[in-house]
Amino acid sequence: MDIKGLKVFSVFLKDLHDVNKMRKFYCVAMCTERAIGLTKMHAEKNDWKDFEVDQVTCLGDLDILDLQYFGECEVTKCQS
């Protein structure tokens, strides 16, 4: 898997009906627009209905991706 160009984003969503309800999501994407789109899709699948994007921050380039993440982790410390 080629990770060149992937970036890590922090995306804050704010509920439009409850001013105290906010949530931060972390997303890996190529650009800000994709990060926002992926976060919106994920939020809607998790019962967020009326929300707006409050803040998006690019945390930087993705340098390392543990491909074991997609399988079973063999390290006991990682599983706890």
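Of the residues that sit in the range 1-25 and are in contact with a helix residue (DSSP H, G or I) (Cβ under 9 Å, 6 or more places away or on another chain) and open to solvent by 70 Å² or more (accessible area, probe 1.4 Å), which one is modelled with the highest pLDDT? Across the range 1-25, the extreme among qualifying residues is Arg23.
I'm trying to understand the selection: among the residues of the range 29-55, which are open to solvent by 60 Å² or more (accessible area, probe 1.4 Å) and either part of a loop (DSSP other than H, G, I, E, B) or in contact with a helix residue (DSSP H, G or I) (Cβ under 8 Å, 6 or more places away or on another chain) (or both)?
Met30, Asn46, Asp47, Lys49, Asp50 - these are the residues of the range 29-55 that are open to solvent by 60 Å² or more (accessible area, probe 1.4 Å) and either part of a loop (DSSP other than H, G, I, E, B) or in contact with a helix residue (DSSP H, G or I) (Cβ under 8 Å, 6 or more places away or on another chain) (or both).
The values are calculated or read from the model by the stated rules, or taken from the named source; none is laboratory data. On a predicted model such as this, the values are computed, not experimentally measured, just so you know. Note: ideal-geometry Cβ built from the backbone for every residue, glycine included; neighbour counts use all protein chains shown. Quick note on the areas: whole protein, heavy atoms, side chains included, nothing else; ligands and nucleic acids left out. Shrake-Rupley method; radii C 1.70, N 1.55, O 1.52, S 1.80 Å.
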